[in-house]
1. After finding the eigenvalues of the alpha carbon gyration tensor for the chain, what semi-axes result from the square roots of 5 times each, listed largest first in whole Å?
2. Find how much the distance from Arg168 to Arg180 grows on full extension, using 0.36 nm per residue of separation minus their present alpha carbon separation; answer in nm with one decimal.
3. Between Arg211 and Asn110, what is the label-to-label distance in nm when each label sits 7 Å out along the Cα-to-Cβ direction?
4. So which DSSP H runs in the chain come out at 20 Å plus along the axis (Cα) with average Kyte-Doolittle of at least -0.5?
5. Once all Cα-Cα distances of the range 94-143 are split into 10 Å bins that start at 0, what whole-number percent is in each one?
6. How far, in nm, would the chain grow between Asn161 and Leu86 when pulled straight, counting 0.36 nm per residue and subtracting the alpha carbon separation?
7. Kindly state, to the nearest 0.05, the FRET efficiency for Ala18 paired with Asp194, given R0 = 25 Å and r defined as their beta-carbon distance.
8. Extending each Cα 7 Å along its Cβ direction at Lys41 and Ala204, get the distance between those two points in nm, one decimal.
Amino acid sequence: MAQLTGTQRGAYVQAMFARIAHRYDLINRLMTFGQDQAWRKRAIALTELPPGGRLLDLGTGTGDIALTALGAVPRLRQVVGGDFTLEMMRVGRRRNQGQHIRWSATDALNLPFPDATFDAITSGYLMRNVGDLDRAWSEQLRILKPGGRVVCLDTTPPPQNLLTPFIRFHMQTVIPTLGRLIAGASEAYTYLPDSTVRFLTAEALAERMQRAGFEAVRFERHMFGTMAIHSGRRPG
């Protein structure tokens, strides 16, 4: 997997998430000890979405962040859940309130929306999987309204400290074991920790956001430094 790039990488990731769609939410809860729900609420708070606003949740999967937004922000005009894995969105449509999301087959590198469409864009565990990070940021900037906010929840390589051996054991042993026992897909849950280690540091990702044109970029770390929530704003 580490050698795959471009369309090959995209096809691999798409097929992987299709295989684990039916157990994705459960394993997320288990491997984050339920903290992922609090991170999604924090991500929505950072969007500063106004009542009547429009939200795109990119790489929505089964709609966790989109559904959180529906419950947290009153009278949203539209919530779009975009993903290129149809099996994940089919699971999401069957969830409670799933009918209130507009589900859209979406490629993060070629977003099918006009310029300046959304008040905010969120993503969860997407950016480390895209084939062209700079283009993905550029596309999100394009479809944000001036002053609109982008919020990215993703894994990040953890800092080296006394907890490093325990974090490594959790990522390299516990998570693949959960994937094998619950989803029958240990390969997918070996890829997920590996993609975390190979991804940019939180500082480097913030720099790439600034280079793409976002302003007021900042981030906060969670779960012993293995998760980060980045936010930024389109100028204007």
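Values quoted throughout were computed directly from the atomic coordinates according to the rules given, and no laboratory measurement underlies them. None of these values were measured; they are calculated from a predicted model. FYI the Cβ positions are ideal-geometry reconstructions off the backbone, even for glycines, and counts take in every protein chain you see.
1. On the way: eigenvalues 135, 83, 60 Å².
Its equivalent ellipsoid spans semi-axes of 26, 20, 17 Å.
2. Details: separation 12, 0.36 × 12 = 4.32 nm, distance 1.80 nm.
Full-extension gain reported as 2.5 nm.
3. 2.4 nm
4. On the way: long enough: 6-20 (22 Å, 0.00).
The answer, listed by residue number, is 6-20.
5. Final binned percentages: 21, 51, 25, 4.
6. On the way: separation 75, 0.36 × 75 = 27.00 nm, distance 3.97 nm.
In short, 23.0 nm is gained.
7. Values: r = 19 Å, r/R0 = 0.76.
My answer for the efficiency is 0.85.
8. Using points 7 Å along Cα→Cβ, the separation is 3.3 nm.
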